Amino acid sequence: MLTNRPFYNQLTRKYTVLFGNIFNNITLVRTKPDSTELERYIVPIVYAPKEKYVTRSLEDPNFQKETSLTFPRLSYNLVGMSPAPIRKQNQLLKIGKANTSTGLVTQYQGVPWDLTFELAVYARNIDDGYQIIEQILPFFNPTHTPYAEINATVGIKKDIPVTLESVDYQVQYEGDNESIRIVYWTFNFNMQVDYWGPIQTPKIIREVITNIYNDPSIESGYIT
């Protein structure tokens, strides 16, 4: 057994929520031909695979079913995980935080991993899609680094690099090349994270035994 104590730091969940929060405030503004603002709203984002919405739009292109989708919208999901040994640190290092006046909690140095996320942008017209992606691309050069609290118990707070690796663009047509059914962009990101083990509570040192020898042959740090 790796450990006889079950533990769950909810790290994958925290990293996934952190990624989604990067894109949760994108605003779409539609205007009249004279540039007068017509409407604006925050583009919704959900955790779901891209194929779910692409299939949904193909089955019901006019969104006439009782439950319909609102476009444009964003979706994202975790599509891969891989170890990152190049970022490995000394695994004997510990991070600790006092939890009482006489005690503390500790964790060993985390193990580095890379998470691969896929972000999809859906729109019913090309201009809406352009407006959304132009609110994303300038912040990835190619890395955006949000700051997050990983574990409040131990006080672990870190910068989490998120790197944009590629962008793909596709158009689904209604039957000919003029009737657009859905336009979507696919962004692929790499997030550099660490996975931490169980939280430990070291025992308090209550007694120290020291032996002191009075040797006259030792003076000023030198042996005569």
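No lab work stands behind these numbers, since they all come straight from the coordinates. Small disclaimer: the values here were computed from a predicted structure and weren't measured. We place every Cβ from the backbone using ideal geometry, glycine too, and count neighbours over all the protein chains shown.
Stretching the chain fully between Leu38 and Val171 yields a gain of 45.3 nm (0.36 nm per residue, less the alpha carbon separation). Packing order of peptides 152-162, 183-193, 121-131, highest average first: 183-193, 121-131, 152-162 (average count of other Cβ atoms within 10 Å over each peptide's residues).
Each residue of the range 75-82 is assigned a 3J(HN,Hα), and the resulting list reads 9, 8, 7, 7, 10, x, 9, 8 Hz, derived from the Karplus form 6.51 cos²θ - 1.76 cosθ + 1.60 (θ = phi - 60°), x at Gly and Pro. Out of every Cα-Cα pair that the range 90-199 contains, those further apart than 22 angstrom amount to 53 percent.
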